[in-house]
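Quick notes on the structure that follows.
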Amino acid sequence: MKIRAFFIGLAIAVVLIPFTGLIRPTVSHAAPAAATQPNVVFILTDDQGYGDLAAHGHPALKTPHLDALAAQSVRFTDFQVAATCSPSRAEILTGLHHFRTGVTHTISPRDRIDAGATILPQILKNAGYVTAMIGKWHNGGGKGYQPTDRGFDFDITTMDPLRKPFGADVSVNGRAEKRTGFREDVFFDEAIRFIEKNQTRPFFCYLATYSPHEPLVAPEEDIRPYRGLPGMSEKTATYLGMVANIDKNVGRLLDRIRELGLDERTIIVFMNDNGATYGLDLYNAGMRGGKTTPWLGGTRAMSFWRWSGHWKPRDVETLTSAMDVLPTLAQVASAPSPVTLQSRLDGYSLVPLLEGGQAVWADERMVFQHVARWPDGTAAAHKYAGGCGVRWKEYLLLRNRPCADLDGKCSSDNHAPCNVLRGVEKGGNVPSYPYSANPQLHAGVTTGEGWALYDVRRDPACENNLAAARTGVGEKLRAAYDAWWDGTFAEMIAAGGDECPEGQK
């Protein structure tokens, strides 16, 4: 069911329905000249929090190359992603809320994008781009779900990335090969080779790191500057070393693009996929929450967009989302998307904001969050449970409460958000993300009926609950959330968002 129907009486437009003023790519049968199409290098890090950057105020971390990139970019300072990995990736690649793609977890089969979805590399490939997926995919495996089944010409990933970050066996378009060195160094080497090979034609390089996702491993030279600092644990030092390694590799990549004379022909996008897992107690940019939580620290991402000679660097406060990536890149690449997708897109083109203008949808947009990760087959019981929220303008309405667990499935799953929340409510530690000495803060439950309202631009730590003072805003966002869930639920189920793994049905 279309969400707009729910909102006519409320006079608001939600993220799941394109606003009539939305700028979208138009369908054309003639491919544009390659010279008019910019290259795109899209870098996505795994579990790096918004605060894990020197330019964002981190007191220990050194990230000179990322700081320079930020200074040269349009910086979206209120950019929302999902609270976990696979859902954020699905939104980036489809322009749809991750529920509508069937991606509601990070384990198979609920990590795979619905086979019928049109995704970004397919759109760009059809417009003449050569496409590469380098690094972490995590949006489905098996026949029909691999990157080369979804529009990527070239795909390289490690076959056992978490257990073997050094000297990994890799898969290159499905063929097993051997590489030496640290995993992220290998990925950036491959990205540089891809760019060198394809510098005379438009290319799309989707470079997704595994770092700084656990297990915490990095080259010693990257960890050493942080080890032994006051208040620095070994785990946090290694985590920061993983981020420093990314920074070093981003510098190598950008240097090579400049040496090849491709700066003004290449868009660089840098993002992280969800909130931090480690180091929150050291620094979290003043925010509450981390990965797998609906608090601001779980869903706010850095989002830097650089196109030298075209976009003026500046901060943009407008509420934006991972779902905006596809319509934005499709427009700047003059890449027509299917009419059937255009009519369904949840994302908005950021081109007006990138070019220094205003977005006609900015004041009415809403972004809906749900941590999901419920046990298979229990979606209906989790409408309001396990962490959910709505962003609108400066406001965050959220409910972070466990379910009733009538069938016992959540209580038997240590990674189920409801089980985590039950432990936190009882004063215990968090058995899963985010790893913090203060779980009552970063994974904290909401009280009473469970709904809380915050002005997160003035109060990113979510210390001042405005629910009683601004009841009208709360009621509006509650009604919007109900309409979104009810209008999306059947599509999410049909796309596989509540499926069990094979053999467990």
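Determine the sum of side-chain charges near residue 403: Lys and Arg each +1, Asp and Glu each -1, restricted to other residues whose C-beta is under 13 angstrom from that of residue 403.
My count for the surroundings of residue 403 gives +2.
Output the direction-averaged projected area (hull surface divided by four) of the convex hull of the alpha-carbon atoms of region 364-421, in nm².
Values: hull surface 16.3 nm².
The Cα convex hull of region 364-421, projected and averaged over all directions, gives 4.1 nm².
Would you work out what percent of the accessible area of the chain, with all protein chains in place, is carbon or sulfur (probe 1.4 Å)? Could the numbers behind the result be given before it?
Numbers: 9330 of 18250 Å².
Carbon and sulfur: 51 percent of the exposed surface of the chain.
How large is the accessible surface of residue 169 in square angstrom, using a 1.4 angstrom probe and rounding to the nearest 10?
60 Å²
Taking a probe of 1.4 Å, how large is the accessible area per residue of the chain, in Å²?
Working: 18250 Å² over 505 residues.
With the other protein chains kept in place, the chain gives 36 Å² per residue.
Any chance you could look up the accessible area of residue 395 with a 1.4 Å probe, heavy atoms only, rounded to 10 Å²?
So the heavy atoms of residue 395 present about 20 Å² to solvent.
According to the Cα gyration tensor, what semi-axes, each the square root of 5 times an eigenvalue, does the equivalent ellipsoid of region 197-313 have, listed from largest to smallest in whole Å?
The answer is 30, 19, 12 Å, longest axis first.
So, counting K/R as plus one and D/E as minus one, what does the shell of residues with Cβ under 14 Å around residue 277 add up to?
Numbers: positive: 235, 291; negative: 46, 47, 52, 214, 273, 281.
Taking every Cβ under 14 Å from that of residue 277, the sum is -4.
Å³ per residue of the Cα convex hull, for the chain? Spell out each step's value before the answer.
Values: hull volume 70.1 nm³, N = 505.
Taking only Cα atoms, the chain has a hull volume of 139 Å³ per residue.
Please list the three semi-axes, largest first and in whole Å, of the ellipsoid equivalent to region 322-453, using sqrt of 5 times the eigenvalues of its alpha carbon gyration tensor. Walk me through the intermediate numbers first.
Details: eigenvalues 257, 62, 37 Å².
Working from the Cα gyration tensor, I get semi-axes of 36, 18, 14 Å.
Per residue, what volume in Å³ does the convex hull of the Cα atoms of region 127-178 enclose? Provide the component values of the computation, followed by the final result.
Working: hull volume 4.2 nm³, N = 52.
Hull volume normalised by residue count: 81 Å³.
Search the structure for amide H atoms under 5 Å from the amide H of residue 49, placed 1.01 Å from N in the peptide plane, and list their residues when 5 or more places away or on another chain.
Excluding prolines and chain starts, which carry no amide H, the hits are 276, 277.
With respect to the cross-link table entries 143/164; 125/383; 62/178, which display a Cα-Cα separation exceeding 29 Å?
Numbers: 143/164 25 Å; 125/383 38 Å; 62/178 32 Å.
With Cα atoms farther than 29 Å apart: 125/383; 62/178.
Sorting 227, 179, 373, 256 by accessible area (1.4 Å probe), largest first, what list results? Spell out each step's value before the answer.
On the way: 227 90, 179 50, 373 15, 256 70 Å².
Order by accessible area, largest first: 227, 256, 179, 373.
Sort 436, 321 from largest to smallest accessible area, using a 1.4 Å probe on the heavy atoms of the protein chains. Present the calculation step by step, with values, prior to reporting the outcome.
Working: 436 25, 321 0 Å².
Output order, biggest surface exposure first: 436, 321.
Can you give the accessible area of residue 221 in Å² (nearest 10), computed on protein heavy atoms with a 1.4 Å probe?
Probe radius 1.4 Å; accessible area of residue 221 about 110 Å².
Taking all protein chains together and a probe of 1.4 Å, list 370, 213 from the most accessible to the least accessible. Numbers along the way, then the final one.
Values: 370 5, 213 30 Å².
Heavy-atom accessible area, descending, gives 213, 370.
Quick one: putting +1 on the C-beta of Lys and Arg, -1 on the C-beta of Asp and Glu, what dipole do you get for the chain around its Cα centre, in Debye to the nearest 20?
Working: 53 positive and 55 negative charges, 87 e Å.
Roughly 420 debye, rounded to the nearest 20.
The values are calculated or read from the model by the stated rules, or taken from the named source; none is laboratory data. Keep in mind that what you see is a predicted model, and the values were worked out from it rather than measured. Methodologically, a virtual Cβ is constructed for each residue, glycine included, from the backbone with ideal geometry; neighbour enumeration extends over all protein chains shown. Only protein heavy atoms, including side chains, enter the accessible area calculation; ligands, DNA and RNA are left aside. Shrake-Rupley method; radii C 1.70, N 1.55, O 1.52, S 1.80 Å.
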